[in-house]
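The values are calculated or read from the model by the stated rules, or taken from the named source; none is laboratory data. Owing to the predicted nature of the structure, the values given are computational and were not obtained by experimental measurement. Please note: Cβ atoms are built from the backbone with ideal geometry, for glycine as well, and neighbour counts cover all protein chains shown. What goes into the accessible areas is simple: the full protein's heavy atoms, side chains included, and nothing from ligands, DNA or RNA. Shrake-Rupley method; radii C 1.70, N 1.55, O 1.52, S 1.80 Å.
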Amino acid sequence: MVQSPSASRDIPEGGRCLSRLPKADLHLHLEGAMRPETLADLSDAHGEPTPQLGNYSSFDQFQCCYRAVVKMIRTRTDLRRLVREVVEDAALSGAVWVEPHFNPTTYAPTLGSVDEVLDLVLETGHAAGETLGVGFGLTLSASRNRDPRHATNLARLAVKYASHGVVALGLAGDERAGSAEAFKDAFTIAREAGIIVAPHSGELAGGATLRNTLDALAPDRIAHGVRAIEDQALLKRLADAQITLDICLTSNRALGVVKHIKEHPLPRLLESGVRCSLGSDDPLLLGTSLLAEYRLARSQLALTDSQLAALARASIQSSGAPDHVLTPALHGIDAWLGGR
Ligand SMILES: [Zn+2]
């Protein structure tokens, strides 16, 4: 079984209280952020055994576990509960903005048309966020393992919903599957409409694949991107272009990108001038939370409060949050750093 997120609270927390640091989670996957008890409830309700998660020996196995979680969402009520709880958990981590990766076509036509599914998720997220002071946006998530035309359709959907809370277009799946070039059209559509371009890359593959993603998709952010550490020229390119890496420490350890959190390149990425945010990726599958990731950055990587504030600032500035969320969040970060 995966470790409970609450176990992270055992890590001693020196300095300023990290739950009070305003921050955004830009790198989490909606279904992967389900609560363990919700997974158990839904499995029970649908008469299925609860999927067993943890100890991933490969990315394929990890994806298989993810799909097992997705299969337990079978009604509109299930999906509403998931979204509401993801926003509640973001608030518990001190997030003021959450931007989950999500693909509405997974649930269409079972739970309604693609538009109906998207409306449900956005309306639930906005309503939950309003009472908790958490802004909610969506990253529509295409897959490298599917026909690129699917990504192009998602890009058009993102543009259609740009004024309703879809803020970014992502690309998940196995980056070793092939060139990012095939997805160029989709990301061009998104970029031209002012949608944030935020594909995964530089996690399972190194510099060549990351460079290919940069050349083909011209991203604003990269989900992971940590393998840039293997290539000085790439580090400089990321720093010069101020492309944000949405880093997930626990995820990188669980999938073998690093052996131990203490060896994670985040401090060296920051020293190289690369802008980084912290995200939780898949809290359910990884036994983490956004707050736990900040605590790990402090306790395992010895990041200073100033560096932690810089991660939070990057998460807000690189997000799709509107000004009425962004401005007070940035003031809040300054106030957090200014006080004790
Ligand atoms: Zn991810």
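Table for the structure above
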{"read-out": "Radius, Kirkwood style, for segment 24-338 when every pair of distinct Cα atoms is counted (Å)", "value": "19.4"}
{"read-out": "Segment 182-224: C-alpha pair distances exceeding 12 Å, %", "value": "56"}
{"read-out": "More than 20 angstrom apart: percent of Cα pairs within segment 102-231", "value": "45"}
{"read-out": "Contact order normalised by residue count of the chain, Cα under 8 Å, 6+ apart, percent", "value": "23"}
{"read-out": "Estimated dipole of segment 24-338 in Debye, rounded to 20 [Cβ of Lys and Arg +1, of Asp and Glu -1, Cα centre]", "value": "520"}
{"read-out": "Net +/- balance of residues flanking G94 in space, Cβ distance below 9 Å, scoring K and R +1, D and E -1", "value": "+2"}
{"read-out": "All aspartates and glutamates inside 15 Å of K71 as judged from Cα atoms, apart from same-chain residues fewer than 8 positions distant", "value": "E31, D41, D44, E48"}
{"read-out": "Coil-residue trypsin sites (Lys or Arg not before Pro) of segment 251-330, DSSP, other Cβ within 10 Å capped at 12", "value": "K259"}
{"read-out": "Cut-off 11 Å between beta-carbons: net charge of the residues surrounding L290, Lys and Arg +1, Asp and Glu -1", "value": "-2"}
{"read-out": "Accessible area of segment 24-338 divided out per residue, in Å², using a probe of 1.4 angstrom", "value": "38"}
{"read-out": "Cα Rg over Rh - segment 13-95, Kirkwood", "value": "1.04"}
